[in-house]
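See structure below.
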Amino acid sequence: IDLGLFISLIYIYLFDKENYMYFLNWIKKYKIIELHNIKPDDIINISNSIKNQTSRQIFVSMPFGEDECDDMFNAVVEVIHEISSKDFKIPEPIRIDSLEKSHTYLITDEILKHIENSGYIIADLTYQRQNVYHEIGYAMGYIKGKGLTENLLLVMKEPKKSEENDDKYNVGFNLRAYYQLRYRTIKDFKGKLKEKVV
């Protein structure tokens, strides 16, 4: 191991323990360990810069083709625009079906890559879509396995009285114990989301 990298690992472990697991995973993932003549200050600054940028990225896991979900995603974008500033710029939220890609890539690989590289994940449980549950499970496992802070927000539209028995409003038993941001209207959702992310 390069002496500069070794010094940076010791420094982070002693003085920035909160970021130690992130730093360790980062040097493994990007094969920083193979570099030579590393200056400890430079490598720590690069790592911190990348972490700060990715910690602001939001990935939205949601059903596709439902007007209510499109409205929810648009509300997320509006809230992010409202709280983003020139001093704390938040990238445009990612929704996998809105990315322009060729037909030669695997959408599942792309989804998992975005989950790994996002600092915040919003998952819409309305409609009980399997893809959303899969993405939540992957995110939870990835976060726990890497020793990261869990920044996962589950959201669900509250049913009208006449829709209470509709299956699309049921939450799978494995997620029932987790907090869910429940909302009735998009205005209600925007207000609650702003409180959560600010």
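Brief remarks follow.
- Asn117 satisfies every condition listed in (1) out of contact with any Ser or Thr (no Cβ under 8 Å at 6 or more places or on another chain); (2) surrounded by fewer than 16 Cβ atoms within 10 Å (Cβ to Cβ) except (1).
- The C-beta contact set for region 129-146 (first residue more than 14 Å from Phe64 (Cβ to Cβ) and in contact (Cβ under 8 Å) with a residue 60 or more places away in the chain, second residue part of a helix (DSSP H, G or I) and aromatic (Phe, Trp, Tyr), distance under 9 angstrom, 6+ apart or interchain) comprises Lys146/Tyr22.
- Every test in (1) open to solvent by 40 Å² or more (accessible area, probe 1.4 Å); (2) touching a helix residue (DSSP H, G or I) at 6+ places or on another chain (Cβ under 9 Å); (3) of a type in the set (A, V, I, L, M) is passed by Leu125 save one, and that test is (1).
- Filter result (in contact with a helix residue (DSSP H, G or I) (Cβ under 8 Å, 6 or more places away or on another chain) and surrounded by 14 or more Cβ atoms within 10 Å (Cβ to Cβ)) within region 137-148: Tyr138, Ala139, Tyr142, Lys146, Leu148
- Those residues of region 143-198 which are charged (D, E, K, R), modelled with pLDDT of 80 or more and in a loop (DSSP other than H, G, I, E, B), in sequence order: Glu158, Arg176, Arg184
- Of residues in region 21-50 being open to solvent by 40 Å² or more (accessible area, probe 1.4 Å) and in contact (Cβ under 8 Å) with a residue 40 or more places away in the chain, the one nearest to Leu153 (Cα to Cα): Tyr22
- Within region 1-19, restricting attention to residues that are in contact (Cβ under 8 Å) with a residue 24 or more places away in the chain and hydroxyl-bearing (Ser, Thr, Tyr), the residue that is least open to solvent (accessible area, probe 1.4 Å) is Ser8.
- Residues being in a helix (DSSP H, G or I) and open to solvent by less than 90 Å² (accessible area, probe 1.4 Å) - total across region 51-63: 3
- In region 65-93, the residues that are at pLDDT below 90, surrounded by 14 or more Cβ atoms within 10 Å (Cβ to Cβ) and within 30 Å of Pro159 (Cα to Cα): Glu66, Glu68, Cys69, Asp70
- Of all the numbered requirements in (1) assigned to a loop (DSSP other than H, G, I, E, B); (2) modelled with pLDDT under 90, Phe23 misses one, and that requirement is (1).
- Long-range neighbours under 8 Å by Cβ, at least six apart or interchain, first residue open to solvent by 90 Å² or more (accessible area, probe 1.4 Å) within region 169-193, second assigned to a loop (DSSP other than H, G, I, E, B) and not β-branched (Val, Ile, Thr): Arg184/Glu158
The values are calculated or read from the model by the stated rules, or taken from the named source; none is laboratory data. Worth saying up front: this structure is predicted, and the values here are computed from it rather than measured. Positions of Cβ are backbone-derived with ideal geometry, glycine not excepted, and every protein chain shown enters the neighbour counts. Just so you know, the surface numbers come from the protein's heavy atoms only, side chains and all, with ligands and any DNA or RNA stripped out. Shrake-Rupley method; radii C 1.70, N 1.55, O 1.52, S 1.80 Å.
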